[in-house]
Amino acid sequence: MTEFNLKELKALNYERPEIERGYANQTLYVNIGEPDIAVKPVTEQMKEIFIGGKGFDLWLLWQAVTPSTRWNDPENTVCIASGPMGGTPSYPGSGKSIVAAISPATGSVMDSNVGGYFGPYLKFSGFDALEIQGKSDQDVVVLVDGVDQCIKVFAATGLPEDAYALSETLTDQFADGNPRGISVVSTGQGAVHTVMGCLNFTWFDSKRKRVRYKQAGRGGLGTVFADKGIKAIVARWGSVSLDSNKPADKETLRSVGKAYSKEIVGLDPKQNQMSKVGTTHLVPIMNDFDLLPTHNFKFGQHPHAGLIGKDVYKDIFDPGFDGCWMGCTVACSHGVKDFVPLTGDYAGQKVFVDGPEYETIAGCGSNLGVFDPYFIVEMNFYCDAYGLDTIAVGTGIAFVMECFEMGLINESHTNGLDLNFGNRLGALTLVHQMARGEGFGKIVGQGIRGMKKVFAEAFGADPVVMQDIGMESKGLEFSEYMTKESLAQQGGYGMALKGPQHDEAWLIFLDMVHNYMPSFEEKAEALHWFPNFRTWFSLCGLCKLPWNDIVPADNQEEKEPAKVMKHIRWYAQYFAAVTGRKVAPEDLITMSEAVYNFQRIFNLRLGFGRREHDTIPYRAMGPVTVEEYESRQERYDGQLKEKYKVDIEGRSSEEKVGLLRQFREEQYVKLQDAVYHRRGWSNDGVPTPETAKRLKIDFPEVLEVLEASG
Amino acid sequence: MITLNGEGYSWEEGMTVTELLNGLEGDHDYAVIRVNGKYVSKPHFDEYQIPDKAEIYLIPMVVGG
Ligand code: SF4
């Protein structure tokens, strides 16, 4: 048992309010610098316009910061919220927490949607959202105890560094015989030394009798957490039932939840089998369609991809129920039992690893040119333990490896590390260095945008080449899908509010495989509808996966099968059953649109959010090198001849790379024009005052930002 | 004889996935199917020959990710 000490610095006893129709109607504010604890009311206007979850986070964050706030200023605030439906145990995917803060990677607003029990426990303890502001010069632990109705801030000494041991220790400390009633949010030492720190959110797996983890990975939210001196936040709550949210219409809630669960239980075994293989089913599918990033997004396919796909992981995963919230029948959050790492502090010891999911497999496997399933498990394990985002780590190291192979950097810069693609030990060594802030890993931990600067300024690497192959946009590393052949998905990444993460739009299949959206207008419509609908899940405290990863058997008969309308009708019923607010399916989009536009305006307020910020590296659009071009020559030659009517007779590959680039870059600009127009934004990507008015977000300070933004 | 989404379906020697899908009623847009537990994707539909007694599921993957 670790020797540690928790010294109480501040406490507040409070009277827990009754939950009403999914809301606690108050939020919790903790300033760890003072320290100070306060309870704030939730207004009807907040509920009407911002709904909850990410909407509440953004509204609170807007009040907390100024246009000049930087990520490591004390006023930057880590906001965590559930949503009105968060904590419903019968409806699959209803336990998400949404985190937001100003990001060290992008300098602008970041949000992340994460499983585990924290958000629901926070709400049932009496708070729709939590704001943590200030900075402490000692490690602090914040306890939100809904059982004993008190908030406490502790000074902590002697707690373990890594997220696994830390969460276990704190679960034991506060469980009082009921570990299932505890959820811990923490990060690790990697968050101290990099801009890609993630947050680990826990739940207690009663069957396996162990703490399990999900990550709010993107954009360095863990780095903000660590910079503030927060060691952990702990929520404590008792039992959960269908009544916990005090729904407006319990019978409808029960019946719609039951129908959804039953459908998933019936269809998942026939479809993607996520309850057995999680999201690893995507690996062979992406590979077959040339969409699985390999070697820093150069290619989309590899003959060894079968070694890291579902057929392998289904045997590696520990069998059992793996829902990251109570009653989620998709149950896709698998893990590996008795894994023995070969490196690091846990070398030779048996550990349980939560994951890997598709993104980690592609990012830390194929994108590094590694097709070893156990290496990926080890990368997954250490990233989580160190509090590092596996996507940023994977995409970041892939960039390093390509720079190394191109000779842009060499062993004199990497302190002797060989970082060719496929070097497993090199990649793991880098992760350990990143976590400790040592050696070359310290530079890698600054993310691709930071690395490009150091490689150019200190190592003399060519900035133009690095701009083309460095897979970041807005300062955030790309998640793991190839977009070269899907213009709509290039827009899905480039015009995503926070940076290139696919949670806003995943249009590759609709666009590239099914050709559902051939015109710019159709692509723009999709880039309006999908980001907005996907945003809605984060307003309500929900997981997106049950919506369209399990599809009703008769979906093809719907007018717009891509939207999975039957599920959307159920979601509208679900929302009304909890909140009592009657809504039609199309109203869900309007709710999201208000928050979506508010976030864009928030970006503007912080100096971002214009066309110039929505750019992507050319590697995301097409072949940067002759090697890439020639590997798919038939495809590219065909496009030049047939689509762009170019006579390529006698042209060299270099010339053809240049021609194709010109066309593809033009297409992206045209797509931006169409999308901004559809979203009700100016040609510079700025929401118009009319749009703000229509969405009822025309607050004076919002209009001020719009006016200042032209 | 094969099974298709859990129901019996007639089989012919040399039948490809494309031929199987063309024989189905109504509109469909399948890009991936599962044959005896393994995925077969659209790029291989024309050449992949379905074995006798295969257990096939049509995967309606439209907007995942
Ligand atoms: S679908 Fe998977 S990630 Fe989503 S709530 Fe259920 S178990 Fe968690």
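No value in this document is a laboratory result; all are computed from the given coordinates. Note that the coordinates shown come from a computational prediction; the quantities given were computed from them, not determined experimentally. Here Cβ is always computed from backbone atoms with ideal geometry, including for glycine, and neighbour counts include all displayed protein chains.
As an equivalent ellipsoid, the stretch A:569-710 spans semi-axes of 42, 21, 12 angstrom, where each value is the square root of five times an eigenvalue of the C-alpha gyration tensor, largest first. Using a cut-off of 19 Å between Cα atoms, the listed pairs A:K40/A:K123; A:K10/A:K231; A:K96/A:K566 include A:K96/A:K566 as exceeding that distance. Approximating the spin labels as points 7 Å out from Cα along Cα→Cβ, the B:E7-to-A:K696 distance works out to 4.7 nm. Using the Cβ-Cβ distance between A:L342 and A:R70 with R0 set to 35 Å, the FRET efficiency from 1/(1 + (r/R0)^6) comes to roughly 0.35. Counting 0.36 nm for each residue step from A:A708 to A:E655 and taking away their Cα separation leaves a gain of 14.8 nm. Taking max minus min of the alpha-carbon positions on each principal axis, the stretch A:327-376 gives extents of 36, 27, 13 Å, largest first. Taking amide H atoms as placed 1.01 Å from N in the peptide plane, the amide H of A:S473 lies under 5 Å from those of A:F478, each 5 or more residues away in sequence or on another chain.
Its alpha carbons considered, the stretch A:5-236 gives a radius of gyration followed by a Dmax of 15.9, 48 Å. If you bin all the Cα-Cα distances of the stretch B:2-60 at 10 Å, starting from zero, the percentages per bin are 24, 65, 11. Under the rule a/c < 1.5 gives rounded, and otherwise a/b versus b/c splits prolate from oblate, where does the stretch A:98-157 land using the Cα gyration tensor? It comes out oblate by the Cα gyration axes. Helix content alone sets the calculated 222 nm mean residue ellipticity of chain A: runs of n ≥ 4 DSSP H residues at -39500 (n - 2.57) each, divided across all residues, give -12000 deg cm²/dmol. Remark on B:A54: its backbone amide H falls under 5 Å from those of B:T3, a criterion applied only to residues 5 or more positions apart or on other chains, H modelled at 1.01 Å from N.
Once the chain from A:Q633 to A:V464 is taken as fully extended at 0.36 nm per residue, the excess over their C-alpha distance is 58.4 nm. Phi angles across the stretch A:225-238 convert, under the Karplus curve 6.51 cos²θ - 1.76 cosθ + 1.60 with θ = phi - 60°, into 3J(HN,Hα) values of 4, 5, 4, 6, x, 7, 7, 6, 10, 10, 10, 10, 8, x Hz, Gly and Pro given as x. Expressed in units of 2.2 N^0.38 Å, where N is the residue count, the Cα radius of gyration of the stretch A:557-609 is 1.50.
Here the gap between A:N420 and A:E586, fully extended at 0.36 nm per residue and compared with their Cα-Cα distance, gives a gain of 54.7 nm. Whole-Hz Karplus values for the stretch A:372-385 come out as 10, x, 6, 4, 5, 4, 5, 4, 4, 4, 6, 4, 5, 4 Hz, taken residue by residue from phi with 6.51 cos²θ - 1.76 cosθ + 1.60 and θ = phi - 60°; glycine and proline positions read x. Considering only alpha-carbon pairs that sit under 8 angstrom and 6 or more positions apart, the relative contact order computed for chain A is 14 percent. Here the spin labels are modelled as points 7 Å beyond Cα on the Cα-Cβ line, and at A:A175 and A:V147 they lie 1.1 nm apart. The C-alpha radius of gyration of the stretch A:484-586, expressed as a fraction of 2.2 N^0.38 Å, stands at 1.11. Per-residue Karplus couplings for the stretch A:655-661, computed as 6.51 cos²θ - 1.76 cosθ + 1.60 with θ equal to phi - 60°, are listed in order as 5, 5, 4, x, 5, 4, 4 Hz, Gly and Pro entered as x. All Cα-Cα distances of the protein assembly as shown, cut into 10 Å bins from zero to the largest, leave 3, 14, 25, 28, 20, 8, 2, 0 percent in each bin in turn. Each label point was placed 7 Å from the Cα along the Cα-to-Cβ direction; for A:K350 and A:K645 their separation is 6.9 nm. Applying 1/(1 + (r/R0)^6) with R0 = 35 Å to the Cβ-Cβ distance of B:D27 and A:L12 gives a FRET efficiency near 0.05.
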